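One structure is given here, and the rest of the page talks about it.
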Protein chains: 2
Amino acid sequence: MYALQAAAAGSRLFVITDENVERAWGERILDLLGAASGGDYVLALTPGEGTKSLSKLEVCWNWLAFRGARREDVVVALGGGVVGDLAGFVAATYLRGLSLWQIPTSVLAQVDSSIGGKTAVNLEAGKNLVGSFYQPDFVVIEPGTLATLPEEEYVSGLGEVVKYCLLHGEDLLDVLEKNIDAVRVRDRQIMDDLVRRCVNYKADVVEEDEFDQGRRAVLNLGHTAAHALERTVGYGAISHGSAVALGLLVAVALSEEYLGLEAEVLTRTRRILERLGIPTTIDLPPVESMLAAATRDKKISAGGTGFVGLASLGAPVWGLNVTPARFAAALEVIRA
Amino acid sequence: MYALQAAAAGSRLFVITDENVERAWGERILDLLGAASGGDYVLALTPGEGTKSLSKLEVCWNWLAFRGARREDVVVALGGGVVGDLAGFVAATYLRGLSLWQIPTSVLAQVDSSIGGKTAVNLEAGKNLVGSFYQPDFVVIEPGTLATLPEEEYVSGLGEVVKYCLLHGEDLLDVLEKNIDAVRVRDRQIMDDLVRRCVNYKADVVEEDEFDQGRRAVLNLGHTAAHALERTVGYGAISHGSAVALGLLVAVALSEEYLGLEAEVLTRTRRILERLGIPTTIDLPPVESMLAAATRDKKISAGGTGFVGLASLGAPVWGLNVTPARFAAALEVIRA
């Protein structure tokens with residue numbers, strides 16, 4: 001954190017967080033950030049996806065204006081994916097861009113959303129419709145913060161970790177498999193290692209394709225069915241991580257058909273998810289509404305980046321043209 | 001416009017404009033843009049600065065969402081500075097960035113705000129506090145559109161033209177001086193020439209300093225007092241162009257003192273403004289409130305980019321540290 005203190009010389013820190021994170025970590029992290037923040041500039045929002053809204057965006061902008069934030073000041077996003085996405089967009093747009101530091105405190109934010117510069121807020125018409133590409137100047141990941149996550153949030157966030165293991169390949173999947181018990185109890189050393197390797201993978205992809213024109217699509221593995229599920233059952237009713245876990249099973253099943261992926265991967269992935277405590281089946285919404293949601297997402301048709309599958313462990317492929325009928329059939333693997 | 005039609009192949013055009021511009025030019029410009037727009041995708045907002053608000057921003061985002069705009073679609077900003085700034089920010093942020101075309105229809109937008117990629121909306125706490133740097137893919141300037149501008153808007157917009165003449169130097173100022181009568185009657189040929197040369201000047205500055213870290217500051221000539229005036233008398237009560245014209249006189253007066261600018265420039269600038277029909281004096285608000293507003297802007301102190309002055313015609317200087325007492329004294333040149 002000393003680098004941050006130095007970087008902050010002459011700047012003020014405007015910390016955007018949520019009430020849970022502030023309660024658990026606010027004081028300690030503000031201490032570490034040093035006197036620059038003065039402790040005065042902390043905005044703690046209501047936890048939850050509802051906070052990624054235009055009304056909270058306006059609260060943040062007005063807060064910065066009221067406090068007289070200037071171009072040389074810094075927005076610190078301290079929290080999970082919701083805080084990171086929202087505060088990132090605030091930093092990207094206030095005075096046409098303040099410096100942004102990400103301090104992710106959830107599994108999902110540490111392995112995924114804090115890396116890569118995607119910022120976003122939701123409209124009523126859909127998730128993440130408004131946003132920008134805006135890279136943070138620092139991402140500070142302290143796996144110790146995972147200790148205070150609610151169990152459900154911790155576990156569901158592991159869905160994204162499983163995604164990175166499938167993308168990364170046999171080696172990392174093996175590390176996860178052999179250490180599932182340690183992961184379950186949030187062992188600091190193993191989480192440090194896993195998070196680091198997920199982050200490196202993502203950073204590598206994003207460096208090659210910052211603006212999402214090609215390879216970055218692989219990070220959407222499992223997300224076509226996940227988004228369709230979230231839309232259909234409602235964003236409040238299923239966490240993003242849980243939806244991704246289910247989506248991974250659908251993507252793996254379709255990969256068998258379209259890319260000849262070994263059948264063993266589906267069994268193995270399901271087993272890992274079960275051992276992590278992540279549900280592998282769901283009371284499936286009507287297939288027609290799932291298809292409508294997936295089509296709207298433009299990811300099962302040839303348009304856009306297409307569907308993302310795995311040719312083998314560590315070998316993702318994007319741009320697949322999956323037929324609605326086969327997509328519907330693959331959904332059966334997650335039906336409760 | 002043929003280039004635009006070709007560029008639009010496969011994309012839909014979402015035209016954001018205001019009701020006045022739509023009435024005067026909507027049909028003709030949609031014709032020129034071709035069938036791509038279908039005529040269906042036109043959002044005509046209430047004219048005026050009040051439209052650069054968060055509530056109108058939300059209207060635009062929801063409009064795009066409702067119409068199912070996609071990454072390959074285009075936002076066309078058809079109108080003056082308000083429409084250009086707002087629609088530009090909408091394009092910058094919807095789906096993390098759609099293609100943006102600027103078709104400016106006011107003097108101010110043609111010579112200044114459509115060029116350079118600054119987009120913005122206002123907060124209640126101040127103008128342009130939210131925005132981004134986002135370059136348009138095309139800027140199409142048709143000086144013919146100036147024919148339908150209300151006289152007051154046309155005339156006040158010339159304040160920015162005078163700014164560019166002072167920045168550019170003796171040559172361009174001379175062109176303006178010799179053609180004031182033609183400019184007053186909106187002579188197409190002379191306006192075409194003037195606008196082109198202002199645009200080239202600005203494009204040159206912006207290319208060198210896109211993100212406003214240095215030289216771009218010169219474009220703020222006259223804007224310190226202008227912003228203070230707008231804030232103090234109220235944005236509705238004075239147009240931006242008129243405020244800039246008054247601000248230029250203040251900047252020129254201070255340039256005499258700090259940079260030894262010839263006294264003749266002040267007389268000459270005042271005379272040009274008068275002949276253009278732009279007020280050169282104002283019922284000055286209390287000097288204390290002007291100072292407070294200017295200090296808040298951070299442009300008269302050493303912080304930020306400092307004050308912008310002229311060492312001579314065509315030789316702007318930025319970063320001047322102007323004392324409040326001298327700033328206050330210089331305001332006397334515009335007191336009615």
Looking at (1) touching a Ser or Thr at 6+ places or on another chain (Cβ under 6 Å); (2) facing chain B (nearest Cβ under 8 Å), find the lone condition where A:Asp137 falls short.
(2)
Evaluation of A:Glu208 against (1) under 29 Å from A:Leu33 (Cα atoms); (2) loosely packed, with under 15 Cβ neighbours inside 10 Å; (3) not assigned by TED's automatic domain parsing to the domain that holds A:Glu49 (one fails), failing number:
(1)
Quick count over region B:214-230, residues being under 15 Å from B:Ile282 (Cβ atoms) and in a helix (DSSP H, G or I), is 6
Here are some conditions: (1) part of a helix (DSSP H, G or I); (2) more than 10 Å from every other protein chain (Cβ to nearest Cβ); (3) closer than 30 Å to B:Ala292 by Cα. A:Gly144 meets all but one. Which one does it not meet?
(3)
Every residue from region B:87-98 that is within 13 Å of another protein chain (Cβ to nearest Cβ) and either of a type in the set (Ser, Thr, Tyr) or under 23 Å from the mean Cα position of the chain (by Cα) (or both)
B:Gly88, B:Phe89, B:Val90, B:Ala91, B:Ala92, B:Thr93, B:Tyr94, B:Gly97, B:Leu98
Taking B:Ala292 as meeting all but one of (1) part of a helix (DSSP H, G or I); (2) at pLDDT 90 or above, write down the number of the exception.
(2)
For residues that are part of a helix (DSSP H, G or I) and either of a type in the set (D, E, K, R) or modelled with pLDDT of 95 or more (or both), tally how many sit in region A:295-317.
1
Filtering region B:44-79 for residues that are touching a Phe, Trp or Tyr at 6+ places or on another chain (Cβ under 8 Å) and away from chain A (no Cβ under 14 Å) leaves a count of 5
Residue count, region A:83-119 (criterion: of a type in the set (Val, Ile, Thr) and out of contact with any strand residue (DSSP E or B) (no Cβ under 7 Å at 6 or more places or on another chain)):
2
Quick test of your reading of the structure: B:Gly84 fulfils all but one of (1) assigned to a helix (DSSP H, G or I); (2) away from chain A (no Cβ under 11 Å); (3) touching a residue at least 40 places away in the same chain (Cβ under 8 Å). Name the failing condition by number.
(3)
Within region B:55-65, can one find any residue that is modelled with pLDDT of 95 or more and of a type in the set (Lys, Arg)?
yes
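Name the single residue that is nearest to A:Val107 (Cα to Cα) among those in region A:258-282 being assigned to a helix (DSSP H, G or I) and of a type in the set (A, V, I, L, M, F, W, C).
A:Leu276
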Taking the options A:Ala237, A:Ala225, name whichever one is surrounded by fewer than 18 Cβ atoms within 10 Å (Cβ to Cβ) and among the hydrophobic types (A, V, I, L, M, F, W, C).
A:Ala237
Need pairs with beta-carbon distance below 8 Å; first residue in a loop (DSSP other than H, G, I, E, B) and within region B:231-248, second of a type in the set (A, V, I, L, M); sequence gap 6+ or separate chains.
B:Ile238/B:Leu229; B:Ile238/B:Ile282
Does any residue of region B:56-71 turn out to be aliphatic (A, V, I, L, M) and farther than 22 Å from A:Val121 by Cα?
no
If you go through region B:256-286 one residue at a time, how many are surrounded by 22 or more Cβ atoms within 10 Å (Cβ to Cβ) and farther than 18 Å from B:Glu160 by Cα?
1
Residues of region A:213-249 that turn out to be over 15 Å from A:Pro316 (Cβ atoms) and not basic (Lys, Arg), as a count
22
I'm trying to understand the selection: among the residues of region B:110-123, which are away from chain A (no Cβ under 14 Å) and touching a residue at least 40 places away in the same chain (Cβ under 8 Å)?
B:Gln110, B:Val111, B:Asp112, B:Ile115
Search result, residues across region B:166-213 that are within 21 Å of B:Glu142 (Cα to Cα) and in a loop (DSSP other than H, G, I, E, B):
B:Asn179, B:Val185, B:Arg186, B:Asp187
I'd like to check something: does region B:233-256 contain any residue that is at pLDDT below 95 and among the charged types (D, E, K, R)?
no
Counting only residues that are modelled with pLDDT under 95 and surrounded by fewer than 23 Cβ atoms within 10 Å (Cβ to Cβ), region A:152-182 contains a total of 2
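The values are calculated or read from the model by the stated rules, or taken from the named source; none is laboratory data. Keep in mind that what you see is a predicted model, and the values were worked out from it rather than measured. All Cβ positions, glycine included, derive from the backbone under ideal geometry; neighbour counts span all protein chains shown.
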